[in-house]
């Protein structure tokens, strides 16, 4: 078939671009316009091979092979197929597993089935040498592309370079059409602005000690504090002081017959569920008002659900704070009874359990799970809920603003 196919090792392409532009191979140091990058790869491949593009295969690693926001955007682009390997952490460093094997299998299968006449490989790993040789034996021309090395030397396997039919270097001018270094002032997106809402929740004074006695809970549901987790590592879970209530504890304090302790009205309760969407046995149920609040699923039609999915894939970036805002915006826009919004605003800082579980399930779609225990990271949970409350505050403040303001 007189068509070309591009196989991209995203770890190599973006890591080498980060080294070139930011001085180190960490992908967190760069910002990528994926649409522009895919378009650039397509145009260059069709120009070099003089063949129309059949498809671009994007190979990357992801924790537990769960698509990250960038993967979800890429896989709905025309002529793009995303293949994910595992991303594992060892000795404090992330490493891809299975990506090279997947590229090798795809390359040999495409060549064996004569799906194309030319293959473009964007990689530097010598493990693909057998696949490259097999493709050539099936009559496929192999083009090997490199990213310009930061030190001017090769950043590819010498054996790959020697075996390729054609070779091209993607230089700095080409790379910077779609990739920018985050720390090069004026040519990249600004650093995220600190979220005062999150800081307020994390730094707020704890309730009186009597709250802990009224909200005693089993040790297996004890919270772990962000401070202790940051000191001892994410792998070790450290119980938090018992003065930090969980959503179940707060519900118990509002149960009939339980006298809630008095504490300053300005005190913001710090809380976070251990597994926010898992129902635990025991404990008091929510108040009647909280239980009466509709969930987003109940307010969403089939057409809206489809539109939400499209927006999630193409627009929502996956920042925890942004995820909370998007969820809250949809919930408020679809309310049929305005009194529900007023009821919810009186429950701050506690998101009602049914709504909170749905919020965290929604956040999990964006790869915000801490993969050891299928939990969302402690700070991300604060950020998700802070974004949720921020959006609620903006709406309620607008509704109560005097006319003409």
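Descriptive notes on the structure:
- Extending 7 Å from the Cα toward the beta-carbon at both residue 154 and residue 292 defines two label points whose distance is 7.4 nm.
- Neighbour counts of other Cβ atoms within 10 Å put 331, 306 in the fewest-to-most order 306, 331.
- Fewest-first ordering of 46, 311, 158, 358 by other beta carbons within 10 Å of each residue's beta carbon gives 158, 311, 46, 358.
- Shape call, the range 4-181: gyration tensor on alpha carbons, a/c limit 1.5: rounded
- Extending 7 Å from the Cα toward the beta-carbon at both residue 335 and residue 301 defines two label points whose distance is 2.1 nm.
- The slack in the chain from residue 36 to residue 397, taken as 0.36 nm per residue of separation less the alpha-carbon distance, amounts to 126.1 nm.
Rule-based calculations on the coordinates, nothing more; no lab input. This is a predicted model, so every value here is computed, not measured. Note that we place each Cβ from the backbone using ideal geometry, even for glycine, and neighbour counts take in every protein chain shown.
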